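Heads up, the thing below is written out as structure tokens.
Read-outs: derived from the displayed coordinates by stated rules, not from any lab. Note that the structure is a prediction, hence the values are computed from the model and not measured. All Cβ positions, even for glycine, are placed from backbone atoms using ideal geometry, and neighbour counts span all protein chains on display.
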Amino acid sequence: MYPLEDTIVAVSTPPGRGAIGIVRLSGPRAFELARRVFRPWAGSPPSRDVGTSEAPVPGPVRRVLLGTFVDPAGDEPIDTGFLVLFRGPRSFTGEDVAEFHLHGSPPVLQAVVDTLVRLGARPAQPGEFTYRAFVHGKVDLAQAEALNDLIQADTLWQARSALHHLRGHLSRTLQAWKEDLIELVARYEAAVDFGEAENMRFFEPGEAERRLDDLIRRVGDLLATYRQGRALREGLRVIIVGKPNAGKSSLFNALLREPRAIVTPLPGTTRDFITERLVVDGLAVELVDTAGVRPTSEVVERLGVERTLQQAASADLVLWVLDGSVPLDAEDDAVYEAVREKTFRAFRNKADRPTAWTPEAFAARYGACLAGSISCATGAGIADVMDAIRAAVRAVQQTWRDHAVVVTNARHEACLRRARKALQRARYGVQTQAPEPIVLEDLRAALRALDEVTGETDVEDILGRIFAQFCIGK
Ligand code: GDP
């Protein structure tokens, strides 16, 4: 995808001013270029002690030198700081890496990059350092994605789950399954090659079925964590529904003012819905107000209901707001129909006004309990709504605590689903005594799907998509 032979350079700290700015250089010429632009101060060990990967000298593989960065054309000093050297393969990229830790001044950092480019380095593309780490086997694809998730995290829980994957927990789990699968494949291959001729048995009766059942169960258990795992990575989706004028927007705004919810500076407005991101107990929560859907004609009404249905389908929690000051009617029934299959909490709003119906009437009509009475006007009961959100947040956090590995990424989930389908086909093949090559084909398909998670298969197009999401310098 990206060339690997040259030496790449980029500013690795965020744009703007700061106490420190880091320029990273990676590739076969990293140490040579670093020697040409960096003059260690007296007392610092001379940088030539580090050698190059072609001619390494004994000594530490990582080293820090204090000195001056100079433009060798004219020997002009640019800044003072540290040069940190990592000799490959014991570096982030697996290659020789030189980092210049200088003052975080944009013109200084740009001059350092320009100097190194003039000497033969190439400006790095987005994610190119991580791509090299992937190619050199320092991280697998799932870990590279986790690294990006960690950098992009808005909440501590997002960072925590990303770090878990970065440390290879998912990869190791899949590795164990793949080893089981490879053994099955090997035995089936042997059965194809020698079975009939030599009249040999490669499985005890029922053994292949047992092993496949076990794998299918384990993949299924991991897949089952995705519903909560997605909320860890992308945020818990909480959608507010209710008939027009029930008080959806009022509740939306009241929740944003709740002191226990921190609003992140990333408001999103989809075409039809207003969304805000909150942080509740360290977890990202995407709060969706469907009030934008105001029926003005029958067609629009139908579309609006359909969109609300779609939103509700992807929600982790539905907050249903009812107007307690007017009788329950067909519009409430329509909302109920849209959310009845989901986890919903119903709140009777406008408690500051005389009530037109009782919780018992609600229960009789919908066969569900009212979660509480609230008033967006006075703020009464809003804390109870927040508690309903907190309970959903706690459920996600509990899933994380209860499982050694949680699937958080939609791409991984899709691969795992494919793996499970292929395993189920193989299981059916074994059960119906299908010819071995057919079973083998399904086993290999399952293996390929698991390999795709960690990037051990031919995934050039996936690589392009994933590394393009990174920022430059990563
Ligand atoms: P939506 O259409 O469901 O989003 O409803 P809005 O939030 O726009 O509210 C509809 C109307 O009800 C507005 O005039 C609000 O001021 C009013 N309203 C909302 N909540 C309350 C409440 O708790 N008490 C009273 N008295 N009025 C409310």
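To the nearest Å, what is the center-to-center distance of region 3-26 and region 210-240, using C-alpha atoms only?
37 Å
Given Cβ point charges of +1 (Lys, Arg) and -1 (Asp, Glu) and nothing else, what value in debye, to the nearest 20, does the dipole of the chain about its Cα centre take?
1160 debye
Quote to one decimal, in nm, the extra length available between Arg217 and Ala380 on full extension: 0.36 nm per residue of separation minus the C-alpha distance between them.
54.0 nm
Could you work out the equivalent-ellipsoid semi-axes for the chain, taking the square root of 5 times each eigenvalue of the Cα gyration tensor, largest first, in whole Å?
51, 38, 17
Using 0.36 nm per residue of separation minus the Cα-Cα distance, give me the extension gain between Ala330 and Ala364 in nm, one decimal.
10.8 nm
Taking amide H positions as placed in the peptide plane 1.01 Å from N, state which residues far from Gly473 in sequence (5 or more) or on other chains have amide H under 5 Å from it.
Gly127, Glu128, Phe129
Whole Å is fine, so just give me how far the alpha carbon centre of region 141-195 lies from that of region 332-383.
Between the Cα centre of region 141-195 and that of region 332-383, the gap is 44 Å.
Give a residue-ordered list of calculated ³J(HN,Hα) values for region 384-401 (Karplus: 6.51 cos²θ - 1.76 cosθ + 1.60, θ = phi - 60°; whole Hz; x for Gly, Pro).
For region 384-401, the Karplus curve yields 5, 5, 4, 5, 5, 5, 4, 5, 5, 4, 5, 5, 5, 5, 5, 4, 4, 5 Hz.
Once R0 is set to 30 Å, what does the formula 1/(1 + (r/R0)^6) return for the Cβ-Cβ distance between Glu32 and Ile151, expressed as a FRET efficiency to the nearest 0.05?
E(calc), rounded to 0.05, equals 0.50.
Once you place label points 7 Å from the Cα toward the Cβ at Thr13 and Ala414, how far apart are they in nm?
Between Thr13 and Ala414, the label points sit 3.8 nm apart.
Report the FRET efficiency, 1/(1 + (r/R0)^6), for Val135 and Val61, where r is their Cβ-Cβ distance and R0 is 22 Å, rounded to 0.05.
Calculated transfer efficiency: 0.65.
³J(HN,Hα) across region 218-223 via Karplus (A = 6.51, B = -1.76, C = 1.60, θ = phi - 60°), whole Hz, x for Gly/Pro?
Result, ordered by residue: 5, 5, x, 4, 5, 4 Hz.
Give the shape of region 320-474 as rounded, prolate or oblate, defined through the alpha-carbon gyration tensor: a ≥ b ≥ c are the square roots of its eigenvalues, a/c under 1.5 means rounded, and otherwise the shape is prolate if a/b is larger than b/c and oblate if not.
prolate
Over region 317-367, what relative contact order in percent results from Cα pairs under 8 Å that are six or more residues apart?
53 percent
What value, in deg cm²/dmol to 500, does the helix sum -39500 (n - 2.57) over DSSP H runs of n ≥ 4 give at 222 nm once divided by the residues of the chain?
Computed mean residue ellipticity for the chain: -14500 deg cm²/dmol.
Would you mind counting up the charge near Pro106? Only other residues with Cβ under 14 Å from its Cβ, with Lys and Arg at +1 and Asp and Glu at -1.
-1
Across the chain, how many lysine pairs separated by 8 or more positions, or lying on different chains, have Cα atoms within less than 26 Å?
Qualifying lysine pairs in the chain: 8.
Quick one: if the Förster radius is 51 Å, what FRET efficiency do Gln398 and Ala434 give, using the C-beta to C-beta distance and rounding to 0.05?
Computed FRET efficiency for Gln398 and Ala434: 0.75.
For the chain, what proportion of DSSP beta bridges, expressed in % and rounded to the nearest 5, is antiparallel?
70 percent
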